[in-house]
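Notes to accompany the following structure.
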Amino acid sequence: MDILYKSTRGGESGVTASRAVLEGLAGDGGLFVPERMPSLDVPMEKLAGMSYQELAYEVMSRFLTDYTEEELKGCIARAYDEKFDTPEIAPLRKADGAYFLELFHGATIAFKDMALSILPHLMTAAARKNQVKNEIVILTATSGDTGKAAMAGFADVPGTRIIVFYPKDGVSPVQERQMVTQKGDNTYVVAIRGNFDDAQTGVKKMFGDAALAADLDRAGFQFSSANSINIGRLVPQVAYYVYAYAQLVKQREIAAGDRINVTVPTGNFGNILAAYYAKQMGLPIGRLICASNENKVLYDFFRTGVYDKNREFILTSSPSMDILVSSNLERLIYRVAGEDPEKTRSLMESLSGTGSYEITGEMREKLGDFYGNYAGEDEVSAVIAKLYREDRYVIDTHTAVAACVLEKYREETGDTAKTVIASTASPYKFARSVLHAIDSEKYDGMTDLEQIDALEAAAKVPVPRAIEEIRSAPVRHNTVADVEGMEAAVRKILGLGEREKE
Ligand SMILES: *Cc1c(COP(=O)(O)O)cnc(C)c1O
């Protein structure tokens, strides 16, 4: 049976999966959700015997029903290949009474690779299916990680180009180096003299610019977006929760049918929403434990039913979770609003208007699958040090937020169910914070490069290729532009000529 998609705000329905992947955001500003949740109709014993790629096909084909078997298997094969440094793709590691699902073995050593390595292939297949002749141009503003992971995914994928804008003085030295050394003849990087919000606003403006769209179309291009609300990013993430469960069965840690919990370090709410979808498909998940850092909007939301972004934005050691508006939460809101687009729209309008909204008691009752808590900076350091001390296992700061919240959950509830923790970044990506937590006296004075070697010695895990590469790779990108010059930069890159004067 076909699964079609509809907007959470009611403006679109009956949309095929491939069109939803191409469009990203629905025309009414809503997010695409499946009109009906598919079920996981494959016996667990069978899934337990599958490779990551085989299992990903079983899960993704249930959602992306208008892709042929050949198309989808082709996308999966091109995504989950030697770009990952282990054939398991997402290995499970047992430590401190939990199972760490390592989602950081891809090109940029963070979990966004799991989705962004396949999205370009889902998009180009979708373009072919829908007779889109234009080349797809991905436009992204990044505060560091997403832009790099998107470029790594789109690099040299035929029929696509990617242009990434980042704030010149708003990313870490390592992130900047990752950006300017990006390979691929279809990748373009522009540093902006401005902050992340300026870059983001500039990109949004170009997406909404009809004159620019017409010029693009004439030249054989069209824009698309790789951001985390695209169902082409969400669906691949469902697969690894099923894979984690299947591995637990295979390793005889659980029996098929046993209930497990899942803990996810959360920012935009995409990763944990994928776990929720896995549960809705029939995967035996009990609690979805939502872990926040000190930007604890979601914790407050689960506790009080009020979502309020009007607060101080705190810079933490888990920057990928420093987020005050979790855009994927709209899909959960829609669900607990009984799939009522009017209710969803009015809550989201309240969010963009006043910065907050409150859900009804009836909606709150439907949030029982979730538990929210948060970890402070000292708690994050303590849990990194403890895992290192007791298990010689080194985790990154984002994963540590999850590990800490799991401890709080267990203490508070006494629930001892086996639990998978989504481990979202390699400790090498945040070496300074990680080593500071383990032994600040010993490591704080070292240079970045010395720290990489120190981490290798401490963790006994080889330095990932992504880190080796930024040490040695040549600089390929050096374009710098003013905020006002963003459109001109895009026109130049695509050879469009200057904008006509009105
Ligand atoms: C993006 C990111 C997160 C947050 O994931 P969401 O899907 O946005 O909730 C957590 N950890 C790391 C390392 C990330 O890059």
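The values are calculated or read from the model by the stated rules, or taken from the named source; none is laboratory data. The structure presented is a predicted model; accordingly, all values stated were derived computationally and were not measured. We place every Cβ from the backbone using ideal geometry, glycine too, and count neighbours over all the protein chains shown. The area values use the complete protein model at the heavy-atom level, side chains included, leaving out ligands, DNA and RNA. Shrake-Rupley method; radii C 1.70, N 1.55, O 1.52, S 1.80 Å.
Considering the range 470-502, and only residues there that are in a helix (DSSP H, G or I), surrounded by 15 or more Cβ atoms within 10 Å (Cβ to Cβ) and in contact (Cβ under 8 Å) with a residue 24 or more places away in the chain, the residue that is nearest to the chain's Cα centre (by Cα) turns out to be I470. Out of M321, M348, one residue alone is among the hydrophobic types (A, V, I, L, M, F, W, C) and modelled with pLDDT of 95 or more. It is M348. What do you reckon, is V463 within 16 Å of the ligand (Cβ to nearest atom) and among the β-branched types (V, I, T)? Here the answer is no, as V463 does not meet what is asked.
Within the range 374-385, can one find any residue that is out of contact with any helix residue (DSSP H, G or I) (no Cβ under 6 Å at 6 or more places or on another chain), open to solvent by 40 Å² or more (accessible area, probe 1.4 Å) and within 16 Å of the ligand (Cβ to nearest atom)? Checking the range 374-385: at least one residue is out of contact with any helix residue (DSSP H, G or I) (no Cβ under 6 Å at 6 or more places or on another chain), open to solvent by 40 Å² or more (accessible area, probe 1.4 Å) and within 16 Å of the ligand (Cβ to nearest atom). Residue pairs whose Cβ atoms lie under 9 Å apart, separated by 6 or more positions or on different chains, with the first residue in the range 22-37 and in contact (Cβ under 8 Å) with a residue 24 or more places away in the chain and the second open to solvent by less than 20 Å² (accessible area, probe 1.4 Å) and of a type in the set (K, R), are L31/R331; F32/R331; V33/R331. Within the range 427-460, being open to solvent by 70 Å² or more (accessible area, probe 1.4 Å) and away from the ligand (no atom under 16 Å from the Cβ) holds for H436, E441, K442, G445, T447, D448, L449, E450, D453, E456, K460.
No other residue among K83, K133 is open to solvent by 10 Å² or more (accessible area, probe 1.4 Å), more than 30 Å from D215 (Cα to Cα) and in contact (Cβ under 8 Å) with a residue 24 or more places away in the chain apart from K83.
Of the residues contained in the range 334-342, none is found to be of a type outside the set (F, W, Y), in a loop (DSSP other than H, G, I, E, B) and over 29 Å from R9 (Cβ atoms).
Taking the criterion of being under 28 Å from P464 (Cα atoms) and among the acidic types (D, E), the residues of the range 154-204 that qualify are D156, D169, E176, D185. Evaluating G147 against the criteria (1) of a type outside the set (S, T, Y); (2) open to solvent by 20 Å² or more (accessible area, probe 1.4 Å); (3) out of contact with any His (no Cβ under 9 Å at 6 or more places or on another chain) leaves one unmet condition, (2). Selection over the range 207-262 of residues that are open to solvent by less than 10 Å² (accessible area, probe 1.4 Å) and of a type in the set (A, V, I, L, M) gives a count of 14. Screening R9 against (1) open to solvent by 50 Å² or more (accessible area, probe 1.4 Å); (2) farther than 23 Å from A275 by Cβ leaves a single unmet condition, (1). Would you mind stating whether Y371 is over 22 Å from Y428 (Cα atoms) and open to solvent by less than 10 Å² (accessible area, probe 1.4 Å)? No: the conditions fail for Y371. Would you pick out the residues in the range 276-329 that are in contact (Cβ under 8 Å) with a residue 60 or more places away in the chain, surrounded by fewer than 16 Cβ atoms within 10 Å (Cβ to Cβ) and among the charged types (D, E, K, R)? R303 - this is the single residue of the range 276-329 that is in contact (Cβ under 8 Å) with a residue 60 or more places away in the chain, surrounded by fewer than 16 Cβ atoms within 10 Å (Cβ to Cβ) and among the charged types (D, E, K, R).
The strands (runs of 3 or more DSSP E) found entirely in the range 1-95 that carry 1 or more residues being among the polar types (S, T, N, Q) are 5-7.
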